[in-house]
Amino acid sequence: MKQKEIIINGKLSIDAIEMIHEYFKNHTVNGIEEFVMSEKEFLDKYKGTYCLNEWSTIKQYAIYTIDCFMCFKSYDVIIESREKFYTYAEADYRLCGKCFDTNNKLYHSGLGLHLAGDIVSQKSH
Ligand SMILES: [Zn+2]
């Protein structure tokens, strides 16, 4: 999964916008995607700053592009929280809505793939 963009609803200072980008910044370590800064590191750095106060007044989210495990088409998901990010990043299978439905139907009639593990799709959240 790849971060496409960060959407910020509301007016913020440039510093606060930079801070949010820092919060959502990812990197890959040993093939595992994670945030560059931990929640704690982030709070240690910004606690009590006007940036952080500003942030509490607005809504933001990140859009990630994900490649479907079955059809390899990419689709976008909205990730509003780190929790949701990890749900996607740590899933064994990431499916687009179409493949998720199709496989579900086939599976119930005995033809679909049995995907052992955690599945996330466009529709499962
Ligand atoms: Zn698909």
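If you scan segment 94-125, which residues turn out to be among the small types (Gly, Ala, Ser) and surrounded by fewer than 17 Cβ atoms within 10 Å (Cβ to Cβ)? Don't jump to the end; show me each part of the working.
Let us first name the residues in segment 94-125 that are among the small types (Gly, Ala, Ser), namely 97, 109-110, 112, 116-117, 121, 124.
97, 109, 110, 112, 116, 117, 124, listed by residue number.
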Of residues in segment 3-29 being among the acidic types (Asp, Glu) and out of contact with any strand residue (DSSP E or B) (no Cβ under 8 Å at 6 or more places or on another chain), the one nearest to residue 89 (Cα to Cα):
22
What pairs can you find where one residue is in segment 68-92 and in contact (Cβ under 8 Å) with a residue 12 or more places away in the chain, the other is buried (at least 19 other Cβ atoms within 10 Å of the Cβ) and among the charged types (D, E, K, R), and their Cβ atoms are less than 6 Å apart, with a gap of 6+ or different chains?
69/94
Which one is farthest from the ligand (Cβ to nearest atom) among residues in segment 52-93 that are farther than 17 Å from residue 32 by Cα, buried (at least 19 other Cβ atoms within 10 Å of the Cβ) and of a type outside the set (Val, Ile, Thr)?
55
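Output the residues belonging to segment 20-60 that are of a type in the set (Asp, Glu) and under 19 Å from residue 7 (Cα atoms). Show your work before the answer.
Filtering segment 20-60 for residues of a type in the set (Asp, Glu) gives 22, 33-34, 39, 41, 44, 54.
Passing the criteria: 22, 54.
Filter segment 108-125 down to residues that are among the polar types (S, T, N, Q) and in contact with a strand residue (DSSP E or B) (Cβ under 7 Å, 6 or more places away or on another chain) and give me whichever is modelled with the lowest pLDDT. Reasoning before the result, please.
Step one: of segment 108-125, the residues among the polar types (S, T, N, Q) are 109, 121-122, 124.
Those still in the list that are in contact with a strand residue (DSSP E or B) (Cβ under 7 Å, 6 or more places away or on another chain) too: 121-122.
Numbers: 121: 88, 122: 80.
Per the criteria, the residue is 122.
Could you grab me the full set of residues in segment 108-125 that are aliphatic (A, V, I, L, M) and either in a strand (DSSP E or B) or within 21 Å of residue 21 (Cα to Cα) (or both)? It would help to see each step written out before you state the result.
Looking only at segment 108-125, we keep the residues that are aliphatic (A, V, I, L, M), and these are 111, 113, 115-116, 119-120.
Matches in segment 108-125: 119, 120.
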Any chance residue 22 is surrounded by 13 or more Cβ atoms within 10 Å (Cβ to Cβ), among the charged types (D, E, K, R) and at pLDDT 90 or above
yes
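The values are calculated or read from the model by the stated rules, or taken from the named source; none is laboratory data. Remember, it's a predicted structure, so these values are computed and weren't measured experimentally. Every residue, glycine as well, gets a Cβ built from its backbone with ideal geometry; the counts of neighbours run over all protein chains shown.
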